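Asks: Handing you this structure, nothing more for now.
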Amino acid sequence: MKKPTRVNHPPAVELPADNHAVVAPIYQSVKFEFATAEQTEAYLRGEREGFYYSRSSNPTTRQLELLLAELQEREDCLVTGSGAGAISQTLLALTGSGDHVICFIESYSPSRYLIRRLLGRFGVAHTLLSIEDLAGVERTLQERRTRLVFFESPTNPLTKIADLPALTRMARAAGALTVLDNTFAGFHQHGRYDIDVFVHSLTKFASGAGDVMGGAVIGRSELIRSLRADFGVLGGALDPHAAFLILRGLKTYFVRYRAQCSSAERIAQLLAAHPAVARVHYPGLPTHPQHALAAQQMQEFGGVVSFDLRGGAVAARRFADTLELFAIAASLGSAESLVVTPPLMGHRDLDAEQRRISGVTDGTIRLSVGLEDCDDLLADLTRALAAAGC
Ligand SMILES: Cc1ncc(COP(=O)(O)O)c(C=O)c1O
């Protein structure tokens, strides 16, 4: 073999059968081969196990899928290149022209955009309601045959809580699928409810370091199997190296999530006692209007705290600018604390009445609490509240 050939066919290093890497290797390969054309064809006919092309499956992304399915207490999972990719591919795969979808004012704005604008272009109708309007959901389900109900809990950005027993009961009775964006609650929560499909942004709590993007769709095997073929051609696969980083992040997921919740609770208490703050939105606070429901549905209340400054838009901007430990940046759930002001929350598609229902005011702030020492965070927040002139 000449050297230019050898560099493309380097020596193989096989591990002995009783000798394993403690951390699974990254299968950074687009292609996988079988020994013969006949075996390759058998794989493509679904007659044998294996891997062929990483856009459809890869051992590293598969390891992540199996782990996430187990954490969320479902049978199977598909991972994607981002949370938005998980949502868009799920919605495209589950709906068709003539279908009707229920979605909510209180949600991550790109999800609303996807349903209202993008699916709308393909003939999928929608009804936009408040997550608190259970009577409206029931009435809509009775009046219109509905393909799916897409919702969040806690919601982004104001941490409203969806009534999971009520919503799942109504949807099941009407033959509609429930799709829950469970990014805020995390993989270890809500598994015991009758949710058909969980979607997650892995960019947030899963990886935790804020350096990698990913998404996941989790559900029973038959449903995930039916999505897999569409996802393969939609082409939003997660790269194996990103899957490896997310698997690495998940090793510390529980420790991080709990530490972030604990700091979030202390921060919510500090804000609730401050004269500059009109209202705090954190499901762990007994003053949250749905605290009892949250306590029933969740073991931990999440790392996002929102609140309304009495001083409105001017105070909100000054507050965010003064903070030193909270970066003014998108995303949430990773090690570094973040802050966003109302114009960064993406409510431009809502009319005045919908905006009122959303609860976001000109002085609303969303904090994503990181892993810094909580006393330092409290001191930074106290200083910013004073500097905001409130
Ligand atoms: C609730 C929620 N769902 C989905 C997403 C989208 O995730 P990604 O940024 O990984 O596309 C986000 C992003 O902020 C989010 O907050």
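The values are calculated or read from the model by the stated rules, or taken from the named source; none is laboratory data. What you see is a predicted model; the values in this text were computed from it and never measured. Here the Cβ is made from the backbone with ideal geometry for all residues, glycine too, and neighbour counts use every protein chain on show. For accessibility, only protein heavy atoms count, side chains too; no ligands or nucleic acids. Shrake-Rupley method; radii C 1.70, N 1.55, O 1.52, S 1.80 Å.
Asks: Residues in the stretch 212-230 that are within 15 Å of the ligand (Cβ to nearest atom) and not β-branched (V, I, T): how many?
Replies: 4
Asks: For the stretch 332-360, give me each residue that is part of a loop (DSSP other than H, G, I, E, B), open to solvent by less than 40 Å² (accessible area, probe 1.4 Å) and in contact (Cβ under 8 Å) with a residue 40 or more places away in the chain.
Replies: L332, G333, S334, A335, S337, G346, H347, L350, G359, V360 - these are the residues of the stretch 332-360 that are part of a loop (DSSP other than H, G, I, E, B), open to solvent by less than 40 Å² (accessible area, probe 1.4 Å) and in contact (Cβ under 8 Å) with a residue 40 or more places away in the chain.
Conditions (1) in contact with a Cys (Cβ under 8 Å, 6 or more places away or on another chain); (2) within 14 Å of L238 (Cβ to Cβ); (3) acidic (D, E), marked per residue:
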| position | (1), (2), (3) |
| --- | --- |
| A42 | no, no, no |
| L67 | no, yes, no |
| Q72 | no, no, no |
| A93 | no, no, no |
| V101 | no, no, no |
| S111 | yes, no, no |
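Asks: Quick check on my filter: what residues within the stretch 111-130 are among the hydrophobic types (A, V, I, L, M, F, W, C) and within 22 Å of the chain's Cα centre (by Cα)?
Replies: L114, I115, L118, L119, L128, L129
Asks: Report whether or not K160 is under 18 Å from the mean Cα position of the chain (by Cα), more than 11 Å from the ligand (Cβ to nearest atom) and of a type in the set (D, E, K, R).
Replies: When the stated conditions are applied, K160 passes them.
Asks: Go through the stretch 361-390 and give me each residue that's open to solvent by 30 Å² or more (accessible area, probe 1.4 Å) and within 23 Å of the chain's Cα centre (by Cα).
Replies: Passing the criteria: L371, E372.
Asks: Still on this structure, I have one more. Exactly one condition in (1) open to solvent by less than 40 Å² (accessible area, probe 1.4 Å); (2) free of Cβ contacts under 8 Å to residues at least 60 places away in the same chain is not met by L68; state its number.
Replies: All conditions pass for L68, except number (2).
Asks: Here is a further query. Does S82 satisfy the criteria of being modelled with pLDDT under 95, under 27 Å from D239 (Cβ atoms) and open to solvent by less than 70 Å² (accessible area, probe 1.4 Å)?
Replies: no
Residue-by-condition table, conditions (1) away from the ligand (no atom under 16 Å from the Cβ); (2) farther than 30 Å from R139 by Cβ; (3) within 16 Å of the chain's Cα centre (by Cα):
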site: L177; (1), (2), (3): yes, no, no
site: D181; (1), (2), (3): no, no, yes
site: V197; (1), (2), (3): no, no, yes
site: V233; (1), (2), (3): yes, yes, no
site: P240; (1), (2), (3): yes, yes, no
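Asks: Consider R192 carefully, then state whether it is at pLDDT 95 or above and either in contact with a strand residue (DSSP E or B) (Cβ under 9 Å, 6 or more places away or on another chain) or polar (S, T, N, Q) (or both).
Replies: Answer is no for this residue.
Asks: Between a residue in the stretch 193-212 that is on the phi > 0 side of the Ramachandran plot and any residue that is more than 8 Å from the ligand (Cβ to nearest atom) and modelled with pLDDT under 95, which pairs come within a Cβ distance under 7 Å, given they are 6 or more apart or on different chains?
Replies: G208/S334; G210/S334
Asks: In the stretch 99-132, which residues are aliphatic (A, V, I, L, M) and more than 11 Å from the ligand (Cβ to nearest atom)?
Replies: V101, I102, I105, I115, L118, L119, V124, A125, L128, L129, I131
Yes/no matrix, rows are residues, columns are (1) part of a strand (DSSP E or B); (2) surrounded by fewer than 17 Cβ atoms within 10 Å (Cβ to Cβ); (3) within 16 Å of the ligand (Cβ to nearest atom); (4) of a type in the set (G, A, S):
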{"residue": "A17", "(1), (2), (3), (4)": "no, yes, no, yes"}
{"residue": "I26", "(1), (2), (3), (4)": "no, no, no, no"}
{"residue": "E38", "(1), (2), (3), (4)": "no, yes, no, no"}
{"residue": "E47", "(1), (2), (3), (4)": "no, yes, no, no"}
{"residue": "S57", "(1), (2), (3), (4)": "no, no, no, yes"}
{"residue": "Q89", "(1), (2), (3), (4)": "no, no, yes, no"}
{"residue": "S97", "(1), (2), (3), (4)": "no, yes, no, yes"}
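Asks: Does the stretch 257-264 contain at least one residue that is free of Cβ contacts under 8 Å to residues at least 24 places away in the same chain, away from the ligand (no atom under 16 Å from the Cβ) and more than 30 Å from F32 (Cβ to Cβ)?
Replies: No, the stretch 257-264 contains no residue that is free of Cβ contacts under 8 Å to residues at least 24 places away in the same chain, away from the ligand (no atom under 16 Å from the Cβ) and more than 30 Å from F32 (Cβ to Cβ).
Asks: Is it the case, given these coordinates, that A93 is touching a residue at least 60 places away in the same chain (Cβ under 8 Å), more than 16 Å from the ligand (Cβ to nearest atom), within 23 Å of V149 (Cβ to Cβ) and among the hydrophobic types (A, V, I, L, M, F, W, C)?
Replies: It is true that A93 is touching a residue at least 60 places away in the same chain (Cβ under 8 Å), more than 16 Å from the ligand (Cβ to nearest atom), within 23 Å of V149 (Cβ to Cβ) and among the hydrophobic types (A, V, I, L, M, F, W, C).
Asks: Please give the strands (runs of 3 or more DSSP E) falling wholly within the stretch 108-188 in which 3 or more residues are crowded, with 18+ Cβ neighbours inside 10 Å and touching a helix residue (DSSP H, G or I) at 6+ places or on another chain (Cβ under 6 Å).
Replies: Hits in the stretch 108-188: 125-129.
Asks: Right, here's the next one. L325 fails exactly one of the following numbered conditions: (1) open to solvent by less than 40 Å² (accessible area, probe 1.4 Å); (2) in contact with a Leu (Cβ under 7 Å, 6 or more places away or on another chain). What is the number of that condition?
Replies: Evaluating L325 over (1) open to solvent by less than 40 Å² (accessible area, probe 1.4 Å); (2) in contact with a Leu (Cβ under 7 Å, 6 or more places away or on another chain) leaves (1) as the failure.
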